[in-house]
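Asker: Sharing a structure with you now.
The values are calculated or read from the model by the stated rules, or taken from the named source; none is laboratory data. In this text, all values refer to a predicted model and were calculated from it rather than measured experimentally. In this analysis, Cβ positions are derived from the backbone assuming ideal geometry, glycine residues included, and neighbour counts consider all displayed protein chains. When the accessible area is computed, the model is the full protein with side chains, heavy atoms only, and any ligands, DNA or RNA have been set aside. Shrake-Rupley method; radii C 1.70, N 1.55, O 1.52, S 1.80 Å.
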Amino acid sequence: QGENLLYCFEVAPTQPALTQVTQCRTEGSTRGLAAVPRLALDVMACEVLRVLQLTDTALVPVSFLVPRKSVQEFHEDLFPDCTGTLPATNAQGWWAGDSQQVGRVSLHPARRPTETFTSPIIAGTGPTSTGHIDTDTGHTDADQTSGYSSPSSLASPGSTGTSLSASTGPSSGFASSPSQKSLQSILGPSSRFRHAQGRVLHRDCHLTNLRGLSLTTPGECDGFCANHQRVALPLLSAGGQIAVLELSKPGRLPDTAMPTIQNGTAVADLTWDPFDPRRLAVAGEDARIRLWRIPEGGLQETLQEPEVILRGHTEKIYSIRFHPMASDILVSSSYDMTVRIWELSAGQEVLCLQGHTDQIFSMAWSLDGKKLATVSKDGRIRLYEPRRSSQPQQEGPGPEGGRGARLVWVCGGDYLLVSGFDSRSERRILLYRAQALPEGPLSVLGLDVAPSTLLPFYDEDTSIVFLTGKGDTRVFLYEVTPEPPYFLECNSFTSNEPHKGFVFLPKTACEVREVEFA
């Protein structure tokens, strides 16, 4: 009472027991509600429910219709026989033990009994031709066993004209007849993970009193990086200093100066070696990549000498990525419009990928490590197979806007998800089939208007992508599927203050007993 939302749920005897079908926003706020008896429904218009809403000044009927192609014939699967209006026994009979049921009547217009009530408010309650009343009590038992063949497909009020595509989703809990569409085909599928909850862990796990952080890392960089043991954070102080903090020692950091890595030049991007938790690769603005080795147990004193320096790029570096399968392989992209692949054991460049004509926003290795995808400011996505050729294997159209973009491999490595901007600076995500980049995106989803590029993180176990930008407070969650509608929205997570960076730990850090998956 006092609200203006009307929710409609489907109840099933199996999990999920409650599934929301639709919600309807009414004009006035509700003072009372009553359902119209089934005998008064307009069955030929496939009306399965009518509610009367009492507002401050009016009585408003709200009708729920199921879209069906044909409204010429009577749909028996939507309208099983309902309880009639003639009593089955009298008071003395009931006290004497008579448990007869009220006779059931057909809702078919041609087989209707005489209406026992009329009302000027409710349409279709005038007297109709007399039909027969079915008093077979065995009928009720048959209905129970068929799983309450009740209407399991409701559309939002008044949406009879919508065209709906059948889709593959978990069917509703009803044992419905073949002509009956499931809820999912009316509403489209919903994600199995739509109720995922983001939760900030207890303060005992936080690292606090961070000071002098560099918040001006380039847009191609995530801002900092983490593995399951430690995090590396670029600092503002001169000489490109990097703080390395142990995750096993949470709490408030001391006010005194901490030992750092002296990189010698401003940090453009940094990343941990996935196979060596003590090796950190740092790309500098002097076009060089330095590899640093963190001592066992963390930084005790300032590091000044890198293990290896990789030279080859002629201009500032955008981003660096380790290979997901092979040790000692690193890829880097630079303002000189080349992408170079390095072999770290030898400390030298082994391949230079050509074909870019403008700034390289992002690059990503495929899950199997065979291919490398890049997205560039020239509005193109390129796919390379570095072991075969230094030229792109295929190209396709990328996001229109030139403000920034990211890409990540999804759905077992068969698809590419790209986050970028349209020409009006709206942030959007695009899904491509990796084998068919020239055909353009399969699906495009606009999210919001904001200045920072959305950073996508993909969890391959649940197929959920997490998207947020530097300076945002909201993290979008979508389940990505290889069939339409491609993006299924899940609960988003909102933090109290804007984040300056956002990275995910390896899955081994998850508390699986709490069903934590990221």
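Asker: In the neighborhood of Ser495, defined by Cβ-to-Cβ distances under 15 Å, what is the net charge if each Lys or Arg adds +1 and each Asp or Glu adds -1?
Answerer: Residues near Ser495 contribute +3 overall.
Asker: Less than 19 Å from a label point 7 Å out along the Cα-to-Cβ axis of Gln1: which backbone N atoms in segment 53-72 qualify, by residue?
Answerer: Hits in segment 53-72 for Gln1 at 19 Å: 53-60.
Asker: While we're on this one: Which order do peptides 26-35, 404-413, 188-197 fall in by mean Cβ count within 10 Å, highest first?
Answerer: Going from most to least packed, we get 404-413, 188-197, 26-35.
Asker: Among the chymotrypsin sites (Phe, Trp or Tyr not before Pro) in segment 298-335, which ones are in a DSSP loop with at most 16 other Cβ atoms within 10 Å of the Cβ? Mind listing them?
Answerer: Sites meeting the loop and neighbour criteria: Tyr335.
Asker: Determine the relative contact order of segment 209-353: mean sequence separation of Cα pairs under 8 Å and six or more apart, normalised by residue count, in whole percent.
Answerer: The value is 16 percent.
Asker: Determine the percent antiparallel among the DSSP beta bridges restricted to the chain, to the nearest 5.
Answerer: Antiparallel: roughly 95 percent of the beta bridges in the chain.
Asker: Could I ask something else about it? Excluding Leu215 itself, what net charge comes from residues whose Cβ is under 11 Å from its Cβ, given Lys and Arg +1 and Asp and Glu -1?
Answerer: Summing Lys/Arg as +1 and Asp/Glu as -1 gives +2.
Asker: Could you state, as a whole-number percent, how many of the C-alpha pairs of segment 397-508 are farther apart than 19 Å?
Answerer: 42
Asker: In what sequence, highest mean first, do 87-93, 210-216, 441-447 appear when ranked by Cβ atoms within 10 angstrom?
Answerer: Answer by packing, highest mean first, reads 441-447, 210-216, 87-93.
Asker: How high is the relative contact order of the chain, given as a whole-number percent (alpha carbon pairs under 8 Å, six or more residues apart)?
Answerer: 7
Asker: Test of understanding: extend the Cα→C-beta vector of Lys249 to 7 Å, then name every residue of segment 283-306 with backbone N under 11 Å from that spot.
Answerer: 297-301
Asker: Now, a different point. Averaged per residue, what accessible area in Å² does the chain show with a 1.4 Å probe, protein chains only?
Answerer: Heavy-atom accessible area per residue stands at 51 Å².
Asker: With a sphere of radius 13 Å drawn around the Cβ of Thr19, what net charge do the other residues whose Cβ falls strictly inside it have (Lys, Arg +1; Asp, Glu -1)?
Answerer: +1
Asker: Also: For segment 209-353, evaluate the Debye formula with one uniform point scatterer on each Cα (no solvent term) and list log10 I(q)/I(0) at q = 0.09, 0.16, 0.19, 0.21 Å⁻¹, rounded to two decimals.
Answerer: Calculated log10 I(q)/I(0) at the listed q: -0.25, -0.81, -1.14, -1.38.
Asker: Expressed as cubic angstrom per residue, what is the convex hull volume of the alpha carbon set of segment 300-384?
Answerer: Spread over its residues, the Cα hull of segment 300-384 gives 119 Å³ apiece.
Asker: Continuing with this model, one more query. Once neighbouring chains are kept in place and the probe is 1.4 Å, which whole percent of the accessible area of segment 199-318 is contributed by carbon and sulfur?
Answerer: The nonpolar share, carbon plus sulfur, comes to 50 percent.
Asker: Dipole magnitude of segment 397-508 about its Cα centre, charges +1 at Lys/Arg Cβ and -1 at Asp/Glu Cβ only, in debye to the nearest 20?
Answerer: Taking the Cα centre of segment 397-508 as origin, the dipole is about 440 debye.
Asker: Would you calculate the separation in nanometres between label points at His499 and Asp336, each defined as 7 Å from the Cα along the Cα-to-beta-carbon direction?
Answerer: Here the answer is 3.5 nm between the modelled labels.
Asker: Then there's this: Out of the total accessible area of segment 373-518 (probe 1.4 Å, heavy atoms of protein only), what percent is carbon and sulfur?
Answerer: Answer for segment 373-518: carbon and sulfur cover 46 percent of the accessible area.
Asker: Using DSSP to define loop residues, name the GluC sites (Glu not before Pro) in segment 296-361 whose beta-carbon has at most 11 other beta-carbon atoms within 10 Å.
Answerer: Here the GluC sites (Glu not before Pro) that fit, given the DSSP loop and packing criteria, are Glu296, Glu301.
Asker: If you compute mean projected area of the Cα convex hull in nm² for the structure shown, which of (i) 32.9; (ii) 31.5; (iii) 48.4 do you land on?
Answerer: It is the value labelled (i).
Asker: Quickly estimate the mean residue ellipticity at 222 nm for the chain, helices only: each DSSP H run with n ≥ 4 gives -39500 (n - 2.57), and the total goes over all residues, rounded to 500.
Answerer: -1000 deg cm²/dmol
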